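Q: Pasting a structure below so you can have a look.
Every number in this text was worked out from the coordinates using simple rules, so none of it is lab data. Given the structure is predicted, the values throughout are model-derived calculations rather than measurements. In this analysis, Cβ positions are derived from the backbone assuming ideal geometry, glycine residues included, and neighbour counts consider all displayed protein chains.
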Amino acid sequence: MDQTAAGRPRKVRVHHLAQAKADGTKLTMLTAYDAVTARILDAAGTDMLLVGDSVGNTMHGRTTTLPVTLDEMVVAARAVVRGTQRALVVADLPFGTYEAGPTQALASAVRLMKEAQVEAVKLEGGQRVVPQVRALTDAGIPVVGHLGYTPQSEHLLGGPRVQGRGESSAERLLVDAQALADAGVVAIVLEMVPAPVAAMVTWRVNVPTIGIGAGPDCDGQVLVWVDMAGMTDWSPRFARRFGEVGQALGEAARAYVAEVRGGTFPDDAHSFAQ
Ligand code: KIV
């Protein structure tokens, strides 16, 4: 079932997302920004790899996602696609590449599909991006929505804050989710949403919800891989560290430095005699 006749892992496609929701099978998504990491996360069985515009914060040392360009996304996405066999690769449309309308969104998404060969794109927002979602879907491009805390609007939202608190805010979130579903999205990321609100959206909307800081009742979960792997000193409260890879990397680097300085690396086994 999970392998093709040729013994390769069976590719995750958009209909598998709908199937997972119907079956009650939890979906897994992690961010990835390069081929080497994508290969590891893909081989671990992650269903979807998200080339997030969080590449700006995590890999490029920026403090927000806002300066990330489409060119930067294409480079990262191309590498992730090359490192991936099984997972569905989704890439973010970065800030400023889709808000102007369907024509701009289509041009940006086509670049990611053609130049990086991703399999879906993600954009932030609810009812306001419905024309863009329809245009992309009509062009055959699967779209993932993103509601709740949307980092590209961080200045308007007053920073990373839980969204959907209170009856009217929760109702707005539900209306947005329904609008995205009606427009044809294949999944919706819910970020920093109270768990009961995320559960209600998940129950009411017929496309899979992928939560990040949105409680356990979403159809799937997504984490930024550096948070998940414990690469940084600080991670958001909702992001559990499933490993201490940063520490392991530091130890490896310290051992390398010590051996080079001590003259024990390279030894004969790692040198060419002639
Ligand atoms: O860019 C990103 O990493 C994201 C996730 C937080 C969902 O959008």
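Q: Provide, for q = 0.10, 0.11, 0.13, 0.23 Å⁻¹, the log10 of I(q)/I(0) from a solvent-free Debye sum over equal Cα point scatterers in region 102-207.
A: Evaluating at q = 0.10, 0.11, 0.13, 0.23 Å⁻¹ gives log10 I(q)/I(0) of -0.28, -0.34, -0.47, -1.20.
Q: While we're looking at this one, here's another question. In sequence order, what are the phi-derived ³J(HN,Hα) couplings for region 109-116 according to the Karplus relation 6.51 cos²θ - 1.76 cosθ + 1.60 with θ = phi - 60°, rounded to whole Hz, with x for glycine and proline?
A: Calculated HN-Hα couplings, in order: 5, 4, 4, 5, 6, 7, 7, 10 Hz.
Q: Let me see the pair-distance distribution of the chain: every alpha carbon pair, 10 Å bin width, integer percents in order.
A: 7, 28, 35, 18, 7, 4, 1, 0
Q: Over 10 Å intervals from 0, what percent of Cα-Cα pairs in region 156-274 sits in each interval?
A: Over region 156-274, the share of Cα pairs per 10 Å bin runs 12, 29, 22, 13, 10, 10, 4, 0 percent.
Q: At a threshold of 8 angstrom on Cα-Cα distance, excluding pairs fewer than six apart, so keeping six or more, what relative contact order does the chain reach in percent?
A: Details: 520 pairs, mean separation 40.5, N = 274.
Computed value for the chain: 15 percent relative contact order.
Q: Also, quick follow-up: Which one, 61, 95, 27, is farthest towards the positive end of the dipole of region 1-141 when Lys and Arg carry +1 and Asp and Glu -1 on their Cβ?
A: Checked the options; the winner is 27.
Q: Could you work out the mean projected area of the convex hull around the alpha carbons of region 139-194, in square nanometres to one decimal?
A: Working: hull surface 16.7 nm².
One quarter of the hull surface, i.e. the mean projection, equals 4.2 nm².
Q: Report, to the nearest 10°, how far helix 70-82 tilts away from the longest principal axis of the Cα atoms in the chain, using its own Cα long axis and a range of 0 to 90°.
A: With rounding to tens, the tilt is 70 degrees.
Q: Follow-up question, since we're still on this one. Write out the chymotrypsin sites (Phe, Trp or Tyr not before Pro) in region 166-274 meeting two conditions: DSSP loop, and at most 16 other Cβ atoms within 10 Å of their Cβ. Don't skip to the end; give the middle numbers.
A: Working: sites: 203, 225, 234, 238, 242, 256, 272; in loops: 234, 238, 242, 272.
Here the sparse-neighbourhood loop sites are 234, 238, 242, 272.
Q: Output the relative contact order of region 126-274, whole-number percent, from Cα pairs under 8 angstrom with separation of 6+ residues. Show your work: numbers first, answer last.
A: Numbers: 215 pairs, mean separation 24.3, N = 149.
This gives 16 percent for region 126-274.
Q: At q = 0.11, 0.16, 0.22 Å⁻¹, what log₁₀ I(q)/I(0) does a Debye calculation on the Cα points of region 5-142 give, no solvent, two decimals?
A: Values returned for q = 0.11, 0.16, 0.22 Å⁻¹ are -0.39, -0.83, -1.37.
Q: Same structure again: Which whole-Hz couplings ³J(HN,Hα) result when phi for each residue of region 42-51 is put into the Karplus expression 6.51 cos²θ - 1.76 cosθ + 1.60, θ = phi - 60°, listed in order with x for Gly and Pro?
A: Calculated HN-Hα couplings, in order: 5, 5, 6, x, 5, 6, 9, 10, 9, 7 Hz.
Q: Let me ask something additional. Rg and Dmax of region 66-141 over Cα atoms: what are they, in angstrom?
A: Spelled out, the Cα radius of gyration and Dmax of region 66-141 are 11.9, 34 Å.
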